[in-house]
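*Asks:* Take a look at this one; I'll ask things after.
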Amino acid sequence: MTKTDFIKRIQKRLSDKGIKISRNDLKAEISSLGFDLKALSEENVNTITQLLLEKHQNTELTISEPEEIAVNPSEEHHAEATNSTAITNQQKEQLISVQAQSMGIELTLEEITDISQTVSDSFTDFVSAVETINSLIKDYAQNKFDSIEQQIDASNNNLRDYINKRTNSLQRKSVEGAMSTKEVLEQKSSTLKSFSKSLSAAFKAQ
């Protein structure tokens, strides 16, 4: 089977989904996804088709007038009969990036790599691969949100403890200040009383 046959099959599958694209544009799109046109395989057909469908949904796929598509029915039947779809690490990362964007989740390159390492290298079909990746992205996002929430809770607790300590310190100092002032006033009052008695006694003696 020639490599042109794979391209025709991908072109026909896109056409069945209502996406008309010329062969030259299709080749350019496949290359932009990181696939080698000279090394396409059975396993690549579903992967490339799904990636281009996702790209079309995001209005990023270049559409032009296509040539007539002729695919040998026996070749298409053989592809559909395949019971296992293998995907490379690069394809995993591309899928993770596309699916995360479709869910409104922003991932760094490092996060995408981390998730891709937990993805199997083969699936029974492409749909199961996408479903598995979606589940992993949601789990990763959930863990990330949980971690951020714990950090916020810890920060709030630290702030609350700090405010409580400072409030208690101010209250203690206020009480100590009031008691000290009271003692000074009592001492002054006692001194004034003693002075008043002495002064009164002095006047009586005269």
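Table: residues versus (1) part of a helix (DSSP H, G or I); (2) closer than 25 Å to GLN57 by Cβ; (3) touching a strand residue (DSSP E or B) at 6+ places or on another chain (Cβ under 8 Å).
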{"position": "GLU106", "(1), (2), (3)": "no, yes, no"}
{"position": "GLU110", "(1), (2), (3)": "yes, no, no"}
{"position": "ILE115", "(1), (2), (3)": "yes, yes, no"}
{"position": "ALA129", "(1), (2), (3)": "yes, yes, yes"}
{"position": "ILE137", "(1), (2), (3)": "yes, yes, no"}
{"position": "TYR140", "(1), (2), (3)": "yes, yes, no"}
{"position": "ASN157", "(1), (2), (3)": "yes, no, no"}
{"position": "ASP161", "(1), (2), (3)": "yes, no, no"}
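*Asks:* In the set THR85, THR59, THR2, which member is in contact with a strand residue (DSSP E or B) (Cβ under 8 Å, 6 or more places away or on another chain) and at pLDDT below 80?
*Replies:* THR85
*Asks:* Among the residues of the stretch 112-163, write down those that are hydrophobic (A, V, I, L, M, F, W, C), under 18 Å from THR47 (Cβ atoms) and either out of contact with any Leu (no Cβ under 7 Å at 6 or more places or on another chain) or touching a residue at least 40 places away in the same chain (Cβ under 8 Å) (or both). Steps first, answer last, please.
*Replies:* The first filter runs over the stretch 112-163 and keeps only residues hydrophobic (A, V, I, L, M, F, W, C), leaving 112, 115, 119, 123, 126-127, 129-130, 133, 136-137, 141, 145, 148, 152, 154, 159, 163.
Subset that is under 18 Å from THR47 (Cβ atoms): 112, 115, 119, 123, 126-127, 129-130, 133, 136-137.
Scanning the stretch 112-163 gives ILE112, PHE123, PHE126, VAL127, ALA129, VAL130, ILE133, LEU136, ILE137.
*Asks:* Give the residues of the stretch 109-138 that are loosely packed, with under 15 Cβ neighbours inside 10 Å, out of contact with any helix residue (DSSP H, G or I) (no Cβ under 9 Å at 6 or more places or on another chain) and modelled with pLDDT of 80 or more, sorted by residue number.
*Replies:* Here is the first cut: in the stretch 109-138, the residues loosely packed, with under 15 Cβ neighbours inside 10 Å are 109-110, 113-114, 117-118, 120-122, 124-125, 127-128, 131, 135, 138.
Retained after the next criterion (residues that are out of contact with any helix residue (DSSP H, G or I) (no Cβ under 9 Å at 6 or more places or on another chain)): 110, 124, 128, 131, 135, 138.
Hits for the stretch 109-138 are GLU110, GLU131, SER135, LYS138.
The values are calculated or read from the model by the stated rules, or taken from the named source; none is laboratory data. Model, not experiment: these values are computed from the prediction. Glycine gets a Cβ as well: all are built from the backbone with ideal geometry, and neighbour counts include every protein chain shown.
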